[in-house]
1. Determine which single condition Leu5 fails, assuming it passes every other condition in (1) under 12 Å from the mean Cα position of the chain (by Cα); (2) touching a residue at least 12 places away in the same chain (Cβ under 8 Å).
2. Restricting attention to the range 50-105, report how many residues are in a loop (DSSP other than H, G, I, E, B), farther than 26 Å from Asp22 by Cα and among the charged types (D, E, K, R).
3. With the checklist (1) within 16 Å of Leu9 (Cα to Cα); (2) surrounded by fewer than 17 Cβ atoms within 10 Å (Cβ to Cβ); (3) at pLDDT below 95; (4) of a type in the set (Lys, Arg) in hand, flag the one item Arg103 doesn't pass.
4. Across the range 8-39, what is the total count of residues that are in a strand (DSSP E or B), open to solvent by 70 Å² or more (accessible area, probe 1.4 Å) and touching a residue at least 60 places away in the same chain (Cβ under 8 Å)?
5. Here are the criteria: (1) assigned to a helix (DSSP H, G or I); (2) buried (at least 17 other Cβ atoms within 10 Å of the Cβ); (3) modelled with pLDDT under 95; (4) of a type outside the set (Ser, Thr, Tyr). Tell me which single one Phe42 does not satisfy.
Amino acid sequence: MSSELDTALSRIETLARGRGLDNLRRGGTGEQPELMVGDKPFARLLSSKTLMLPCPAEQKALLLDISPTIYFESDDLVGQTAVLIHLDKIDNEELSLRLDDARRYVTPD
């Protein structure tokens, strides 16, 4: 894994742990590392600047509408329950909230 990917993953992991997310572990491949809760992935780095998070379709539509400079989708994600995030455009507080939402979506209480 490149140092840029490791730095981005460390930021995401630190924010997730700060939200009290337990049972976190790293997974995925060196080129697309991810954070997992138990055996379920909930945050995948596509690059050092792009994060993919699962989310409900309604939330995705809202995020894409209200913050198109932060949230986006690629052609292959149209109609899918995942959103892409520009990591260099999102602050830690908002990213922390999105990580918590993604974890809750993947592993509901």
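The values are calculated or read from the model by the stated rules, or taken from the named source; none is laboratory data. Keep in mind that this is a model prediction, so the values were computed, not measured. When we count neighbours, we look across all protein chains shown, and the Cβ atoms used for this are built from the backbone with ideal geometry, even at glycine. In case anyone asks, the SASA skips ligands and DNA or RNA and just uses the protein heavy atoms, side chains included. Shrake-Rupley method; radii C 1.70, N 1.55, O 1.52, S 1.80 Å.
1. With (1) under 12 Å from the mean Cα position of the chain (by Cα); (2) touching a residue at least 12 places away in the same chain (Cβ under 8 Å) applied to Leu5, the lone miss is (1).
2. Looking only at that region, the number is 2.
3. For Arg103, the exception is condition (2).
4. Result for the range 8-39: 0.
5. (1)
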